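Participant: Sharing a structure below in structure tokens format, with a few things to ask.
The values are calculated or read from the model by the stated rules, or taken from the named source; none is laboratory data. Computed from a predicted model, the values in this text were never measured in an experiment. Every residue, glycine as well, gets a Cβ built from its backbone with ideal geometry; the counts of neighbours run over all protein chains shown. The accessibility values were calculated without ligands, DNA or RNA, using every heavy atom of the protein model including side chains. Shrake-Rupley method; radii C 1.70, N 1.55, O 1.52, S 1.80 Å.
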Amino acid sequence: MRQTQWSLTRFTLFILTTVFISTLNAQPRVINTPTHRFVEAQDGVWLGTGNGSVYTMSNVMVLVGQNDTLVVDSHVTPTAARALLDALPALTDKPVRYLVNSHYHFDHAHGNQAFPAGIEIIGHEYTRQKLNGEAGDVLEETTFRSFSEPVALTVANLERLAAAETNSERRSRLQERLRVQREYLVAIAEVQPTPPNITLTDKMTLFQSVDGGSREIQLLHFGRAHTGGDVVVFLPEEKVAFTGDMMLPGLPYMGDGHVDEWPDSLEGLKSLEFDYWLPGHGPIMESKEPIDKLQAFLRDLWLETGRFYREGVSWGEAALQIDMTNHSAGFPQISEVGIDPRAVRRMYQLLDQRR
Ligand SMILES: [Zn+2]
């Protein structure tokens with residue numbers, strides 16, 4: 001239980017603290033719909049975020065072309081994806097032709113099934129194997145379960161809080177949160193993991209017709225990182241990269257990560273020429289400095305964890321003792337000794353495999 005609470009509170013906090021910091025210089029175009037907020041990073045290049053009225057959990061990128069639209073990531077449930085599809089006409093009347101999955105995680109890919117038949121879903125070969133069951137049942141894995149199973153408890157807590165609240169304004173806010181979480185709980189039960197039908201292993205380039213020419217869209221895998229199949233979507237002309245969860249403004253989840261290989265994969269990301277990067281969670285970012293910070297954190301974490309592993313300390317105990325507070329300046333969510341036990345368990349698995 002402690003593990004779950006740790007991750008959910010940290011994860012939520014981090015999203016809340018980063019979502020309001022915009023780093024765009026020029027005044028970007030913003031479009032609000034009943035469910036989404038879209039910010040235009042470059043002409044026809046949008047970062048979409050749920051506004052809280054539907055539980056979406058992750059960002060999407062929307063590329064609007066002359067004839068069609070490409071969407072990157074599908075949110076956390078079919079319900080969230082349908083809300084996104086309903087919101088898109090506020091940006092464009094061009095139909096969705098492609099959906100790209102940055103990686104297989106539930107909060108980025110469990111909306112896949114809501115996209116209309118006939119559109120192509122593109123992802124890394126590993127993403128396909130995770131979502132079609134070849135590489136295990138994602139609905140039975142720690143990542144999905146540790147985030148999804150507490151939702152019923154959240155609903156029960158909100159029910160109790162709303163019933164006990166006497167202030168009408170606070171009560172209606174609680175009731176709205178309750179409505180969203182109840183809908184989320186129902187939506188989770190509808191999920192049928194839906195894999196990409198077009199895959200890549202290293203690189204794929206698409207061209208989308210835009211006003212006055214075509215937009216080059218590079219799908220790039222720089223090696224294992226946040227998962228075994230992270231894809232960065234890079235627009236060389238617009239100088240924009242969508243990084244998924246391989247690179248976030250704060251600390252990413254590491255429960256399926258390859259912490260040992262991740263820093264090298266980030267070198268590939270750094271080698272790209274971009275002015276903005278759009279993360280899987282959080283606001284549009286400019287500076288590449290956070291990439292250095294994450295690399296330093298991951299390298300240290302791998303060394304620290306290896307030390308505990310060789311001393312024979314269990315992963316559960318190591319998770320309580322690993323001290324990464326020397327990185328708290330770069331990652332404010334590190335406020336005390338100890339790290340997410342799911343990350344340590346994962347690193348112990350990788351270390352076991354090396355023996
Ligand atoms: Zn992820």
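Participant: Inside the range 282-330, can you point out the residues that are under 30 Å from Val39 (Cβ atoms) and among the acidic types (Asp, Glu)?
Facilitator: Once the filter is applied, which keeps residues that are under 30 Å from Val39 (Cβ atoms) and among the acidic types (Asp, Glu), the range 282-330 yields Glu286, Glu289, Asp292.
Participant: Out of the range 113-151, which residues are more than 17 Å from His258 (Cβ to Cβ), of a type in the set (Lys, Arg) and within 13 Å of the ligand (Cβ to nearest atom)?
Facilitator: Those that are more than 17 Å from His258 (Cβ to Cβ), of a type in the set (Lys, Arg) and within 13 Å of the ligand (Cβ to nearest atom): none in the range 113-151.
Participant: Further question: What are the residues in the range 290-325 that are closer than 14 Å to Leu251 by Cα and open to solvent by 10 Å² or more (accessible area, probe 1.4 Å), if any?
Facilitator: Pro290, Asp292, Lys293, Ala296, Arg299, Asp300, Thr325
Participant: Taking only pairs six or more apart or across chains, which ones have beta-carbon atoms under 7 Å, a first residue in the range 231-246 that is more than 12 Å from Glu286 (Cα to Cα) and open to solvent by 20 Å² or more (accessible area, probe 1.4 Å), and a second residue that is away from the ligand (no atom under 15 Å from the Cβ) and not hydroxyl-bearing (Ser, Thr, Tyr)?
Facilitator: What qualifies is Pro236/Glu216; Pro236/Gln218; Glu237/Arg215; Glu237/Glu216; Glu238/Gln42; Glu238/Val45.
Participant: Out of the residues in the range 230-244 that are within 13 Å of the chain's Cα centre (by Cα) and in a loop (DSSP other than H, G, I, E, B), state the one that is farthest from the ligand (Cβ to nearest atom).
Facilitator: Val231
Participant: Taking Glu190 as the residue in question, decide whether it is open to solvent by 40 Å² or more (accessible area, probe 1.4 Å), within 16 Å of the ligand (Cβ to nearest atom), under 22 Å from the mean Cα position of the chain (by Cα) and among the charged types (D, E, K, R).
Facilitator: When the stated conditions are applied, Glu190 does not pass them.
Participant: Which ones in the range 209-229 are among the polar types (S, T, N, Q), surrounded by 21 or more Cβ atoms within 10 Å (Cβ to Cβ) and in a strand (DSSP E or B)?
Facilitator: Listed by number, the list is empty, since nothing qualifies.
Participant: When the residues of the range 92-112 are filtered to those that are in contact with a strand residue (DSSP E or B) (Cβ under 6 Å, 6 or more places away or on another chain) and more than 16 Å from the ligand (Cβ to nearest atom), which remaining residue is least open to solvent (accessible area, probe 1.4 Å)?
Facilitator: If we take residues in the range 92-112 being in contact with a strand residue (DSSP E or B) (Cβ under 6 Å, 6 or more places away or on another chain) and more than 16 Å from the ligand (Cβ to nearest atom), then Leu99 is least open to solvent (accessible area, probe 1.4 Å).
Participant: Also: Pull up the range 148-187, narrow it to residues that are of a type in the set (Asp, Glu) and more than 26 Å from the chain's Cα centre (by Cα), then point me to the one that is surrounded by the fewest Cβ atoms within 10 Å (Cβ to Cβ).
Facilitator: Here the answer is Glu169.
Participant: Answer yes or no as to whether Leu88 is in a helix (DSSP H, G or I) and either surrounded by 14 or more Cβ atoms within 10 Å (Cβ to Cβ) or within 16 Å of the ligand (Cβ to nearest atom) (or both).
Facilitator: yes
Participant: Please count how many residues of the range 259-291 are within 13 Å of the ligand (Cβ to nearest atom) and within 27 Å of Gly306 (Cβ to Cβ).
Facilitator: 1
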